[in-house]
Amino acid sequence: MLTNERPIAPGSIERLFALDEWALDHQAEVLSELRAAGPVVWIPKLGVLAVTEHAAVVEALNDTERFSSRLGNPRGPRVSEVVENAARELADDPTATELLARLVPDWTAAPTLIGLDPPHHSAHRRVVNRLFTPRKVAGMRPRVEAIAGELVDDIASEELVDMSTRFAVPLPLRVIAEELAIGVDDLPAFKRWSDDMVAPIGNDRLGPPELLGIIRTLVEFAEHFRPKLAERRENPRDDFLTLVAQAEDDEFPINDEQRLGIVAAMLGAGNETSTKMLSSGCAILARCPDLADRLRAEPDLIPAFVDEVLRLEAPVQGLFRMARHDTTLAGVPVPAGAWLWILYASANRSEREYECPHEVKLDRSNGASHLTFGRGAHYCPGAALARLEGAVGFRALLARFDGWEIVDYQRDPSYVLHGFKHLNVRFV
Ligand code: HEM
């Protein structure tokens, strides 16, 4: 095998896969050790080649012909195996059988966006791009400001607040809910769907009970959006669901299962990620009161701060690709069928790319060159919206509060997604 030719990951990475608290809290340190081992490093435990350096990450993301999103599963090899095992255990469970019958036709089996390669991918991508034109995103600003203002008002009189559940979760959740025409009463279910859709990402400790909950969500989600999409086809409106309902492509016809997949991508990709950006930024501001004071005095620097939060605390640490044929990356042989874990978060702290890479610096000339939103064909279509949510959210918090300190916190249980499940703070 090729193990002699490719560096092997140091042991600290195992702690991350075990979702050990220290490792989740020191993920950047763990990835720095991995990067020190090489630009492409074999991780036996996960069965992947980790891509750690900026240039190698860019090369892999820009080459969809060599490195496919379609061949592998976006969840990666280990989680895919765990989910398959749990599904086998549920084979005779009557509740699972009933739910799976309601899931037919199974929209989760129809790859879309993140699970497709060009040119097929481009047909789906054109649909979501239409929601995120610069004009449309600029038009969302007043609503994002209004929601951020309401959330700040809600917590203003409290002494102890969970910044994650009270601010970082509801801000993007309500923004996306409005785009997907979800009413206020349905918000709790919407949040649960969003949680369940991302639960298996970077967490291979899921068993049959968790999987059953996820299947239930996939059914509820489909039963909610199928009729809505059909209704939009009959009565078009000026909204995103109508764009999806009417999406057609001559070369790659888009079916109803794929339409649900596109809506699900918006829900899963658009919520949890921005939430993690907001909670990580709140933690940085709590730990660096001087930085918070500077931003309060010079709010024009807030967008640069948002990019530093994104660079340092990438909400998605890395996603997966599969090599289509034998090739090399950064001089390391990559056999056909090999899984790659493309670590945006590691590239973002590369000493070769960034001066003082572990520090917040608001005047970097290459501050926006981080890879937190990916690169190439799959570059995050929601990047402008996420940056808007960050800028508006931090500005609202900094304007209202003189400061906050962290009381305690709990990390998200994932080696792929990175943020805080809970971030309890006291205002000062
Ligand atoms: C801080 C917030 C965000 C982060 C860190 C983030 C990160 C990413 C990354 C890394 C990808 C590329 C996946 C790949 O290379 O395979 C991606 C794709 C995607 N993101 Fe985001 N995202 C964020 C916010 C959003 C928002 C707000 C939306 C929508 C409302 C969104 C929707 C999507 C969709 C639909 C894709 C799939 C694109 C494709 O495969 O062509 N994201 N995101």
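Out of all the residues in the stretch 125-133, is one or more without any contact (Cβ under 8 Å) to a residue 60 or more places away in the chain and within 15 Å of the ligand (Cβ to nearest atom)? Checked the stretch 125-133: at least one residue is without any contact (Cβ under 8 Å) to a residue 60 or more places away in the chain and within 15 Å of the ligand (Cβ to nearest atom). The residue that is farthest from residue 207 (Cα to Cα), counting only those in the stretch 88-103 that are touching a residue at least 12 places away in the same chain (Cβ under 8 Å) and part of a helix (DSSP H, G or I), is 102. The residue that is farthest from the ligand (Cβ to nearest atom), among those in the stretch 104-119 that are open to solvent by 40 Å² or more (accessible area, probe 1.4 Å) and either part of a helix (DSSP H, G or I) or free of Cβ contacts under 8 Å to residues at least 60 places away in the same chain (or both), is 104. Residue 138 meets all of the listed conditions (1) among the aliphatic types (A, V, I, L, M); (2) without any contact (Cβ under 8 Å) to a residue 40 or more places away in the chain; (3) surrounded by 15 or more Cβ atoms within 10 Å (Cβ to Cβ) but one, namely (3).
Matching residues to (1) within 11 Å of the ligand (Cβ to nearest atom); (2) assigned to a loop (DSSP other than H, G, I, E, B); (3) in contact with a Lys or Arg (Cβ under 7 Å, 6 or more places away or on another chain); (4) under 29 Å from residue 72 (Cβ atoms):
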| residue | (1), (2), (3), (4) |
| --- | --- |
| 351 | no, yes, no, no |
| 360 | no, yes, no, no |
| 363 | no, yes, no, no |
| 384 | yes, no, no, yes |
| 398 | no, no, yes, no |
| 407 | no, no, yes, no |
| 421 | no, no, yes, yes |
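If you go through the stretch 402-416 and pick out every residue that is open to solvent by 20 Å² or more (accessible area, probe 1.4 Å) and either of a type outside the set (Val, Ile, Thr) or within 18 Å of the chain's Cα centre (by Cα) (or both), you end up with 8. Taken over the stretch 333-356, residues that are out of contact with any helix residue (DSSP H, G or I) (no Cβ under 8 Å at 6 or more places or on another chain) and open to solvent by 10 Å² or more (accessible area, probe 1.4 Å) amount to 6. Looking only at the stretch 362-376, residues that are under 24 Å from the mean Cα position of the chain (by Cα) and open to solvent by 40 Å² or more (accessible area, probe 1.4 Å) come to 3 in all. Within the stretch 355-379, residues that are free of Cβ contacts under 8 Å to residues at least 12 places away in the same chain have Cβ atoms under 7 Å from residues that are open to solvent by 20 Å² or more (accessible area, probe 1.4 Å) and more than 7 Å from the ligand (Cβ to nearest atom) in these pairs: 357/349; 357/351, counting only partners at least 6 apart in sequence or on another chain. Do we find that residue 171 is open to solvent by less than 60 Å² (accessible area, probe 1.4 Å) and in contact with a Gly (Cβ under 6 Å, 6 or more places away or on another chain) in this structure? For residue 171, the condition - open to solvent by less than 60 Å² (accessible area, probe 1.4 Å) and in contact with a Gly (Cβ under 6 Å, 6 or more places away or on another chain) - is met.
For the stretch 285-331, filtered to residues that are in contact with a Pro (Cβ under 7 Å, 6 or more places away or on another chain) and not small (Gly, Ala, Ser), the residue that is nearest to the ligand (Cβ to nearest atom) is 319.
Taking the stretch 265-293 as the range and being touching a Ser or Thr at 6+ places or on another chain (Cβ under 8 Å) and modelled with pLDDT under 95 as the test, the residues that pass are 265, 267, 268, 271, 272. Of the residues making up the stretch 245-264, those that are more than 12 Å from residue 110 (Cα to Cα) and either open to solvent by 20 Å² or more (accessible area, probe 1.4 Å) or not small (Gly, Ala, Ser) (or both) are 246, 248, 249, 250, 251, 252, 253, 263.
The values are calculated or read from the model by the stated rules, or taken from the named source; none is laboratory data. Predicted model only: the values in this text are computed from it and were never measured. Positions of Cβ are backbone-derived with ideal geometry, glycine not excepted, and every protein chain shown enters the neighbour counts. Please note that ligands, DNA and RNA were not included when accessible areas were found on the heavy atoms of the full protein model with its side chains. Shrake-Rupley method; radii C 1.70, N 1.55, O 1.52, S 1.80 Å.
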